[in-house]
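These notes concern the structure reproduced below.
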Amino acid sequence: MGMLVLDCSVTMSWLFREEFSSFAQDILREVSVGQAVVPAIWPLEVANVLLLAERRGRVSQVEGNRFLSLLEGLPIDVHAPPDRQPFDDLLPLARETGLSAYDAGYVELAGRFAIPLATLDRRLQAAAEQVGVSVLSGG
């Protein structure tokens, strides 16, 4: 496949057994042999979901650290937005699609690079399709 935009929902499905699916496995395989790009918000989202999962006893710190090692070993490129992009591109896109500015960052990145967005989030999928962005989805 080459490159894709990876969202937090797919990323975290690699950690949680009950969320891991053949789709998640396929995306993990694609990322490991290809390249993923993510918006600058992605590391913060992943860290927050991991922290909440540890606090709720869903995963141990050891499992969390193992997961972070997995992520660090993958070719995932974090893209910071250009200086005015959040105001010039993301805000209008969020307004148009009804997404948060954070989620619009995933859609904008996929559109800018003309690559598919891998997501399990139905709202994100619908918004991406609404603006003509290709989507890889598990459902």
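The values are calculated or read from the model by the stated rules, or taken from the named source; none is laboratory data. Computed from a prediction, not measured in an experiment: that's the story for all the values here. Ideal geometry is used to build each Cβ from the backbone, glycine not excepted, and the neighbour counts take in all protein chains shown.
A few remarks follow.
- Cβ-Cβ distances below 7 Å connect the following pairs, each with a first residue in the stretch 1-22 that is more than 21 Å from residue 41 (Cα to Cα), a second residue that is modelled with pLDDT under 95 and assigned to a loop (DSSP other than H, G, I, E, B), and a separation of six or more residues or different chains: 1/34; 2/34; 21/138.
- A residue that is assigned to a strand (DSSP E or B) and not aliphatic (A, V, I, L, M) can be found somewhere in the stretch 67-83.
- Of note, residue 95 does not satisfy the criterion of being without any contact (Cβ under 8 Å) to a residue 12 or more places away in the chain, under 16 Å from residue 13 (Cα atoms), out of contact with any Pro (no Cβ under 9 Å at 6 or more places or on another chain) and exposed (fewer than 15 other Cβ atoms within 10 Å of the Cβ).
- Counting the residues of the stretch 98-110 that are buried (at least 19 other Cβ atoms within 10 Å of the Cβ) and assigned to a helix (DSSP H, G or I) gives 8.
- The one condition in (1) part of a helix (DSSP H, G or I); (2) in contact with a His (Cβ under 7 Å, 6 or more places away or on another chain) that residue 26 fails to fulfil: (2)
- Residue check for residue 78: free of Cβ contacts under 8 Å to residues at least 40 places away in the same chain, touching a strand residue (DSSP E or B) at 6+ places or on another chain (Cβ under 7 Å) and under 21 Å from residue 136 (Cα atoms): no
- Boolean, residue 67 is closer than 22 Å to residue 133 by Cβ, surrounded by 13 or more Cβ atoms within 10 Å (Cβ to Cβ), out of contact with any helix residue (DSSP H, G or I) (no Cβ under 6 Å at 6 or more places or on another chain) and aromatic (Phe, Trp, Tyr): no
- With respect to being in a helix (DSSP H, G or I) and either under 22 Å from residue 19 (Cα atoms) or free of Cβ contacts under 8 Å to residues at least 12 places away in the same chain (or both), residue 127 falls outside the description.
- Flag for residue 87 being at negative phi, exposed (fewer than 15 other Cβ atoms within 10 Å of the Cβ) and not in a loop (DSSP other than H, G, I, E, B): yes
- Scanning the stretch 28-60 for residues being surrounded by 19 or more Cβ atoms within 10 Å (Cβ to Cβ), over 16 Å from residue 12 (Cβ atoms) and either among the charged types (D, E, K, R) or free of Cβ contacts under 8 Å to residues at least 40 places away in the same chain (or both) gives a total of 1.
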